[in-house]
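See below for the structure under consideration.
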Amino acid sequence: MALGILDALRAKVDKVGVFRPISHSHAKRDYVLDLLLDHDDVNLDYDQCIGVTYDDVHADPDAALAVIVEKYRAVERQCNAVVILGSDYTDVGNPTEFEFNARIAANIAAPIVMVVTGRDPHGPVGASGTMSARTPADVLRVVQSAMGEIRAHHASVISVVVNRADASAQEEVLSHISALDPQVYSTLIPEDAFLVAPTVRSVMSAIEGSLIRGDEQLLDREALGVMVGAMSVEHIIARLKEGFAILIPGDRTDAILGVLMAHHSDNFPSLSALIVYGGFPLSEQVLSLISGIDHHIPIISTDYDTYESVLHVVSARGRFAADSQRKYDTALQLFTQNVDTEEVLSRMKITTSEVVTPLMFEYALMERARGNKKHIVLPEGDDDRIIRATATLLSRDVATITLLGDESRIRARASELGVDIDKASVISPHDADLVTRFAEEYAVLRAHKGMTVEDARDIVTDVSYFGTMMVHLGLADGMVSGAAHTTAHTIRPSFEIIKTAPGVSVVSSVFLMCLADRVLVYGDCAVVPDPTAAQLADIAASAAATARRFGIEPKVAMLSYSTGESGQGVDVDKVREATRLVRERKPDFPIEGPIQYDAASEPSVAALKMPGSEVAGIATVFIFPDLNTGNTTYKAVQRSAGAVAIGPVLQGLAKPVNDLSRGASVRDIINTVAITAIQAQVPS
């Protein structure tokens, strides 16, 4: 809930804070607070965000409350909104603890989103780490007790959320809460066992184990359950479950090899780890044999015996709430699917900031893409970054995704990475029916170059051509590639197959430059080396359309070393002519040129050099006279001003294709897919 509210706030305000009024200790860091402080939008030090300890509260509650209020106000002064985490009691029916939380909320005038667990903290825990569910009557009792205590101290409850709830009892639980107070917004978030599963790395730490074989990256995969494999091999493999960690005595070589073979087989579940316990070292011959079966699954050795191993593995459960990207994505997915964010934020009286930060812009991209979901093909399906990005895109419902590559290998790698890409489709670029269809179409498109169907068969199996043909024939709405291929390899097929949109003579690019308080559009910084005046006019028109598509009101500055009529020469004349062409085609278009960068961006300079201009000083779209200038400037601003540069975003194509840097991060890929999906929503 805290992650979800924090994430929702970043779309509304530019400075979000976090505060924990009460913690266990000043010496031991609070895990949940650390988790929230790691959020990209929070720029506060840990010590600023902690109030007092439980010992302080017990010693002198009034003095502790005074300290809390003082420290909270210091955080509040730096932020537009603050997420305040109540104390971390395990039973929300504790009246003393609720009394103090209510006093805190009343004294800092903070509305309360009350989160009640749907699990019974005193009930039995299952093999997957899931506690038994509370009954609807039990939930109502807790809510009733807590709300009474809160209101007795004049605090305000705006929402009740039953978290980790039994989905089958949703209607009954919510009707009970609504009857208790129909003015309070209430909702239910179902239990998801994945969120309480520890990572393999956490399990390894709990058993004081060491990695003796396997891919260290896979230690960050979740162990969705544990099973002790101390029976015969056929009985062990019959009981294997997806994502489980299997504990086997180190002297049971037959069981170890049998489980590894099952894990490697398509007919059995993918395991998260193999734990060899008992302190029995594996021989070199066995290790050599293991290496021939599987190089990836983590094999962990521990000296603990059966009882100790199980005891320590179980102790690792429950603490690791969101320590992986998949958990983060899952938590946000559960939040957005089950909580009416706008309803909650409106009750908090949160107003949207006029400032647009990079993260606010990224959030807006995701929202816009989600609003009219499109189908994007990613040709580099076997790249780990692409697989991870796909999992996040699918969990946040940003786009429908098709990956190109060998389906069994891609899905096996996703399982090893512990990410969920079940909703993605995977197509082989050697699919016989599609290759035939694409080859015939490509031969028609390139007939003027002497292309034959037979030659086309070889060409269209290249992933960039295959993906581009999918877009051309409407099997996908857009394509994103380049994480493992050059720019030329990615975009050349689009020039041959998709070609330019009607009325556009040149394909160009822009970067979306996210500064601290606004987003600007720079073009062309990646494609056209030395545009003519006509091409420059096309670039300006395309860039303005791109800006509008991403919610930026276009005010176009045609940049030069001269402002207005003050300069002469071939270069400035080209810019002047390009500006004239744009004005001629679109007389109402907000454009100024030639104009220097400072006159375009700084109001005080604009007042001196070009008074009365509707663009000077407030330009949002900056068109550079050539690639040399554009590329140099965007990189200078990116590095010197700390701007986030999103792009290059290709523009002018009839259908969207975008290129990734080969050093692209998972976040870069997610943003580029969202941009491509938005481009696909409206014809270029």
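No value in this document is a laboratory result; all are computed from the given coordinates. These numbers come from a predicted model, not from an experiment. Positions of Cβ are generated from backbone atoms using ideal geometry, with glycine treated the same way; all protein chains shown enter the neighbour counts.
Laid out as a table, the results:
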| read-out | value |
| --- | --- |
| Dipole magnitude (debye, nearest 20) for the stretch 478-624, charges at Cβ of Lys, Arg, Asp, Glu | 380 |
| Phi to ³J(HN,Hα) by Karplus 6.51 cos²θ - 1.76 cosθ + 1.60 over the stretch 18-24, Hz, x for Gly, Pro | 9, 9, 10, x, 10, 10, 5 |
| Order by protection proxy (mean Cβ within 10 Å, highest first), peptides 209-217, 400-408 | 400-408, 209-217 |
| Listed residues H264, P529, A133: farthest to the positive end of the dipole of the chain (Cβ charges) | P529 |
| 0 to 90° range, to nearest 10: angle between helix 432-445 axis and the chain longest Cα axis | 20 |
| Spin-label zone in the stretch 219-248 - amide nitrogen under 20 Å from a point set 7 Å from the Cα of D266 along the C-beta vector | 241-243 |
| Calculated from backbone phi, Karplus (6.51, -1.76, 1.60) coupling profile of the stretch 523-537 in Hz, x at Gly/Pro | x, 8, 10, 8, 10, 8, x, 9, x, 6, 4, 5, 5, 4, 5 |
| Members of K374/K586; K586/K609; K15/K349 lying beyond 19 Å, as alpha-carbon distances in this model show | K374/K586; K586/K609 |
| Phi-based couplings in Hz for the stretch 538-552 (Karplus 6.51, -1.76, 1.60; Gly and Pro marked x) | 4, 4, 5, 5, 5, 5, 5, 5, 4, 4, 4, 4, 9, x, 10 |
| Alpha-carbon centroids, the stretch 1-40 and the stretch 548-569: separation in whole Å | 42 |
| Gain upon complete extension [A501, V453; 0.36 nm per residue less C-alpha separation] | 14.6 nm |
| Anchor K635: lysines whose Cα lies under 20 Å away (excluding residues fewer than 8 positions away in-chain) | none |
| Rounded if a/c under 1.5, otherwise prolate or oblate - the chain, Cα gyration tensor axes | oblate |
| Degrees between helix 170-180 axis and first principal axis of the chain (Cα, 0 to 90, nearest 10) | 80 |
| Angle between the chain longest axis and helix 666-681 axis [Cα atoms, degrees, rounded to 10] | 60 |
| Over the chain: helical MRE at 222 nm, DSSP H runs n ≥ 4 each giving -39500 (n - 2.57), nearest 500 | -13500 deg cm²/dmol |
